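Here is the structure we will look at.
The values are calculated or read from the model by the stated rules, or taken from the named source; none is laboratory data. In this text, all values refer to a predicted model and were calculated from it rather than measured experimentally. We place every Cβ from the backbone using ideal geometry, glycine too, and count neighbours over all the protein chains shown.
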Amino acid sequence: MPVKILTVVGARPQFIKAAAVSRAIRETDGLAEVMIHTGQHFDANMSDLFFDELAIPKPKHHLDINGGGHGDMTGRMLMAIEPILLAEKPDWVVVYGDTNSTLAGSLAAAKLHIPVAHVEAGLRSFNRRMPEELNRIVTDHLSTLHLCPTATAIANLASEGVVKGVHHVGDVMYDATVFALEKAEVSSTILADLQLQPKQYALATVHRAENTGDPERLREVVQFLLEQSRGRTVVLPLHPRTRGAAARLGVSLEGLRVIDPVGYLDMAKLLHHATEVFTDSGGLQKEAYFHRVRCVTLRDETEWTETVTNGWNRLWKGPPHVARNEITDYGRGRAAFEIAELLKDRAPSPAAG
Ligand code: UDP
C-alpha cells in the first residue's frame, strides 16, 4: 500500500507550493495523494488558472468555503475537513504556509491523531497582530514533520522548543520558480500584451490586511508607489481584497498601471524583466531574489530576513539595501523531492509519540 498523503490547500501561494510538491509526489514511488481545496481563494484568476497552468491534479474534495470572519471561516473549514479525514484515513496531512486553510487542516488532523507535515515551517514575523503569524505558530506546534525553508526557520522553532522532526529542505517556491521561468520565457506574452519594455517598469503587489484594512495606511502605500513611478511604470496586479478595500475606503489608484491578477507564468515573466519589486507578499520577496531583482517590502517586518541581510530586500521604512550576497539557504530547486522522500516514512500517530 502506498503512503497516503492528504494535502489541504486553499489560497494562491499554496497552489504554487503544492504544485511543486504534488509533482514530486507523483514522481516518487510509494506515495499517493488526495487533495482538499477549501475554497478560500475562488476567483478563476486566483485559483483555477493555477491548477491549469501548473498541472495540479483536480482536488478530490472542494469545500467552497470563503468569506466571513477568521473564526467563522476557520470553523466552517474544520467542520468540513474532519469527516473527509475520517473517510480518507491518510497517513499524512500536508499543509502549506500560514492561512486559515493551513490552521484548519492541521487542527482537524491533529485532533484525529493524524500526523501533520508543515511545508514552510518555522517562519516568524514576531508580530502577533498578523493573522498569518497565529496560524503559523499553532500549525508548527501541531505538526510532526517541520519542513523548513531556511536556517532561521529552524532556529525560530528551536527557540519555541520544537526540535523533533525538523528538516531544512529548502524553499519549494524556488522549485516553482525554476519550473515557471523556463515555460514563461517561451509561452508568456504579457510584456507585449501590456506594451512593456524589459527593465523599464517596476512590479508591485499589495494584499496584506495591515495595508488594506485602514484608509490612511493604504493611502500611504499608494503614495509610496506613486513616488516610485516617476520615470517608469509601476505595474500592480491587483488582489481582489485590495481592489475591494480601495473602492470601499475611497483610495484612488490613479497613476499606477493596475491590472487583474495574473497567472504564475505571466508573473514569472513580469518579475524577471522588472527593475524592482515593491510588495507586502511573503512569496514575492523571495521570488524577487530568485529572479535577481531588488525588492522593497511594504511592511514593518519580514519573515524572510536573509533577503534583507544579503542585500536583495529592504523594509520600506528601514535602512537602505546593504551590499548584495548570494543566499544559499533556499536550496537547489529540489526541496519538493526532499519533502516527498521524507513523507515516504509513515510517522507514528502523534498520540503515541
Ligand atoms: N502571484 C501571481 N499572480 C499575481 C500576484 C502574485 O501568480 O497576480 C504569485 C506570486 O508570484 C507569489 C504568490 O502569488 O508566488 C504570492 O501570493 P500572495 O501574495 O497572495 O501571498 P503570500 O506570498 O503573501 O503568502
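Laid out as a table, the results:
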read-out: Matching residues in segment 49-69 - criterion: being of a type outside the set (Gly, Ala, Ser) and outside any helix (DSSP H, G or I); value: LEU54, ILE56, PRO57, LYS58, PRO59, LYS60, HIS61, HIS62, LEU63, ASP64, ILE65, ASN66
read-out: Every residue from segment 141-172 that is surrounded by fewer than 24 Cβ atoms within 10 Å (Cβ to Cβ) and among the acidic types (Asp, Glu); value: GLU160
read-out: Segment 275-293 residues that are closer than 18 Å to LEU196 by Cβ, paired with ones that are assigned to a loop (DSSP other than H, G, I, E, B) (beta carbon under 7 Å, 6 or more apart); value: THR275/LYS199; THR275/ARG232; GLU276/VAL293; VAL277/VAL293; PHE278/LEU298; THR279/LEU298; ALA288/TRP312; VAL293/ALA274
read-out: Count of segment 102-119 residues which are touching a strand residue (DSSP E or B) at 6+ places or on another chain (Cβ under 6 Å) and either hydroxyl-bearing (Ser, Thr, Tyr) or assigned to a loop (DSSP other than H, G, I, E, B) (or both); value: 4
read-out: Which listed residue is among the β-branched types (Val, Ile, Thr), within 12 Å of the ligand (Cβ to nearest atom), modelled with pLDDT of 95 or more and under 27 Å from TRP92 (Cα atoms), from VAL172, VAL206; value: VAL172
read-out: Any hit, segment 260-269, residues being within 12 Å of the ligand (Cβ to nearest atom), in contact with a strand residue (DSSP E or B) (Cβ under 6 Å, 6 or more places away or on another chain) and at negative phi; value: yes
read-out: In segment 129-188, the residues that are basic (Lys, Arg) and assigned to a loop (DSSP other than H, G, I, E, B); value: ARG129, LYS164
read-out: Search result, residues across segment 229-242 that are of a type outside the set (Val, Ile, Thr) and over 17 Å from ALA11 (Cα atoms); value: SER229, ARG230, GLY231, ARG232, LEU236
read-out: Candidates GLN223, GLN197, filtered to the one that is under 27 Å from GLY311 (Cα atoms) and in a loop (DSSP other than H, G, I, E, B); value: GLN197
read-out: All strands (runs of 3 or more DSSP E) inside segment 256-353 with 2 or more residues being among the hydrophobic types (A, V, I, L, M, F, W, C), under 21 Å from THR205 (Cα atoms) and over 18 Å from the mean Cα position of the chain (by Cα); value: 257-259
read-out: Residue check for GLU185: surrounded by fewer than 21 Cβ atoms within 10 Å (Cβ to Cβ), more than 15 Å from the ligand (Cβ to nearest atom) and modelled with pLDDT under 95; value: yes
read-out: Residue under evaluation PRO90, criteria (1) within 20 Å of LEU112 (Cα to Cα); (2) within 16 Å of the ligand (Cβ to nearest atom), criterion not met; value: (2)
read-out: Flag if THR212 is within 24 Å of HIS41 (Cα to Cα) and within 10 Å of the ligand (Cβ to nearest atom); value: no
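The rows are residues; the columns are (1) surrounded by fewer than 19 Cβ atoms within 10 Å (Cβ to Cβ); (2) farther than 19 Å from VAL172 by Cβ; (3) in contact (Cβ under 8 Å) with a residue 60 or more places away in the chain; (4) not hydroxyl-bearing (Ser, Thr, Tyr).
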| site | (1), (2), (3), (4) |
| --- | --- |
| ARG23 | no, no, yes, yes |
| VAL93 | no, no, yes, yes |
| ALA108 | no, yes, no, yes |
| GLY122 | no, no, no, yes |
